[in-house]
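Engineer: Following this message is one structure expressed as structure tokens.
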């Protein structure tokens, strides 16, 4: 995780950590991320400690970034530079399509953001729409980097069940159903 912070400090594909501050613990850093000089998001990077696995949380993401050309590339960059069994949390408060789809019961993998995380390599997606406590922030999707030799959770049955009863009168659900075949291929 130190390498991830180092790469972002130096800059990657227009992304740059313009500020890196200590977190709540010595194993945590807070980054203010810009893309080509424009604020894009904050990151909280936890290096891991003892049995607590490393993670990255992206939050207060500018709405223009969702669905942009570099969104998936950034998540793939995280995936490549994170150790196995680490997690990525991406807040989706400004991502209207993902937020509406998840509220309508679309499985996380079929949502716009979930599909983006799957294409970047993350598995075992989880929707944190009921944050607990006071410091977790807004609703977010969690993806995990599953290393070789580990079996990720298989949500195919849940996805197929949803497809049989999907309320197609909603555009977010229609788009989720349209990407279902590709999502099921990614999960195999």
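Engineer: Under the condition of being touching a helix residue (DSSP H, G or I) at 6+ places or on another chain (Cβ under 7 Å) and part of a loop (DSSP other than H, G, I, E, B), which residue from the stretch 144-165 is surrounded by the fewest Cβ atoms within 10 Å (Cβ to Cβ)?
Structural biologist: Looking at residues that are touching a helix residue (DSSP H, G or I) at 6+ places or on another chain (Cβ under 7 Å) and part of a loop (DSSP other than H, G, I, E, B), I get 154.
Engineer: So, one more: Out of all the residues in the stretch 166-188, which are surrounded by fewer than 15 Cβ atoms within 10 Å (Cβ to Cβ) and in a loop (DSSP other than H, G, I, E, B)?
Structural biologist: 167, 168, 169, 188
Yes or no, residue by residue, for (1) farther than 26 Å from residue 148 by Cα; (2) at pLDDT 95 or above; (3) surrounded by 15 or more Cβ atoms within 10 Å (Cβ to Cβ):
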site	(1), (2), (3)
87	no, yes, yes
90	no, yes, yes
96	yes, yes, no
100	yes, yes, yes
109	no, yes, yes
113	no, yes, yes
120	no, yes, yes
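Engineer: Before we move on, is residue 139 in contact with a helix residue (DSSP H, G or I) (Cβ under 6 Å, 6 or more places away or on another chain), under 19 Å from residue 92 (Cβ atoms), surrounded by 15 or more Cβ atoms within 10 Å (Cβ to Cβ) and touching a residue at least 24 places away in the same chain (Cβ under 8 Å)?
Structural biologist: no
Engineer: Which residues, counting only those in the stretch 32-69, are surrounded by 16 or more Cβ atoms within 10 Å (Cβ to Cβ) and over 22 Å from residue 136 (Cα atoms)?
Structural biologist: 34, 35
Engineer: Can you pull out every residue in the stretch 30-55 that is farther than 18 Å from residue 145 by Cβ and either more than 18 Å from the chain's Cα centre (by Cα) or not in a strand (DSSP E or B) (or both)?
Structural biologist: Passing the criteria: 36, 37, 38, 39, 50.
Engineer: Sticking with this one: When you scan the stretch 83-114, how many residues do you find that are touching a helix residue (DSSP H, G or I) at 6+ places or on another chain (Cβ under 6 Å) and part of a helix (DSSP H, G or I)?
Structural biologist: Adding up the residues that qualify gives 10.
Engineer: Given (1) outside any strand (DSSP E or B); (2) in contact with a helix residue (DSSP H, G or I) (Cβ under 8 Å, 6 or more places away or on another chain), where does residue 25 come up short, assuming only one miss?
Structural biologist: The single condition residue 25 does not satisfy is (2).
Engineer: Among the residues of the stretch 7-22, which ones are surrounded by fewer than 15 Cβ atoms within 10 Å (Cβ to Cβ) and part of a strand (DSSP E or B)?
Structural biologist: 18, 19, 21, 22
Engineer: Quick one: is residue 76 outside any loop (DSSP other than H, G, I, E, B), crowded, with 16+ Cβ neighbours inside 10 Å and touching a strand residue (DSSP E or B) at 6+ places or on another chain (Cβ under 6 Å)?
Structural biologist: no
The values are calculated or read from the model by the stated rules, or taken from the named source; none is laboratory data. Just so we're clear, the structure is a prediction, and the values are computed from it rather than from any experiment. Because the Cβ atoms are built from the backbone with ideal geometry, glycine has one as well, and the counts that use them run over all protein chains shown.
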